[in-house]
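Heads up, the thing below is written out as structure tokens.
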Amino acid sequence: MPLLSSRVLVLSYGRTILTAALALSIGAGCGLFIADKLNASGIAVSQKGRMFHPDSLTIGRGETITIVNDDSDLLHHAFVESPSFNFDSGDQEPGSRTPITFNERGTFQVLCGIHPKMKLVVRVN
Ligand SMILES: [Cu+2]
């Protein structure tokens with residue numbers, strides 16, 4: 001279950017960072033800002049070798065996935081076109097992170113405008 005384990009890893013990593021950040025920022029007023037940034041990146045999808053990893057996943061309505069360009073030398077350009085939801089990332093530089101929030105139920109294809117064979121299927125319950 002690579003998806004589950006990566007989600008658990010991200011969550012536990014996030015909690016560790018959050019705990020440390022909160023401890024350091026008491027009185028500094030930035031704890032909430034850091035928590036928001038972590039919440040936006042709970043489910044990671046990698047772009048590597050002209051593929052999405054994983055290439056399909058199921059999430060709940062309102063959840064956010066974060067697409068990470070793990071290719072060192074390739075631009076990507078993720079987009080969704082559907083009757084109920086559209087998204088366009090613009091150019092995704094190597095190393096960049098692109099959050100996408102799915103607020104509609106259904107099955108969506110995330111495609112790459114640069115590499116036509118790249119496809120990610122997101123089922124939103
Ligand atoms: Cu691409």
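Selection of first residues in region 110-125 that are at pLDDT below 95 and of second residues that are assigned to a strand (DSSP E or B) and near the ligand (Cβ under 9 Å from one of its atoms), restricted to Cβ pairs under 9 Å at least 6 apart or on distinct chains, gives an empty result. No other residue among THR66, THR107, THR58, THR98 is of a type in the set (Ser, Thr, Tyr) and surrounded by 18 or more Cβ atoms within 10 Å (Cβ to Cβ) apart from THR98. Entry remark, region 89-101: residues being part of a strand (DSSP E or B) and either more than 15 Å from the chain's Cα centre (by Cα) or closer than 21 Å to ARG61 by Cβ (or both) number 4 in total. ARG50 passes every criterion in (1) modelled with pLDDT of 95 or more; (2) on the phi < 0 side of the Ramachandran plot; (3) not small (Gly, Ala, Ser) apart from (2). Taken over region 70-125, the residue count meeting the criterion of being within 16 Å of the ligand (Cβ to nearest atom) and not aliphatic (A, V, I, L, M) is 27.
The values are calculated or read from the model by the stated rules, or taken from the named source; none is laboratory data. Just so you know, these numbers come straight off a predicted model, no measurement behind them. Cβ sites come from the backbone with ideal geometry, for glycine too, and all protein chains shown count toward neighbours.
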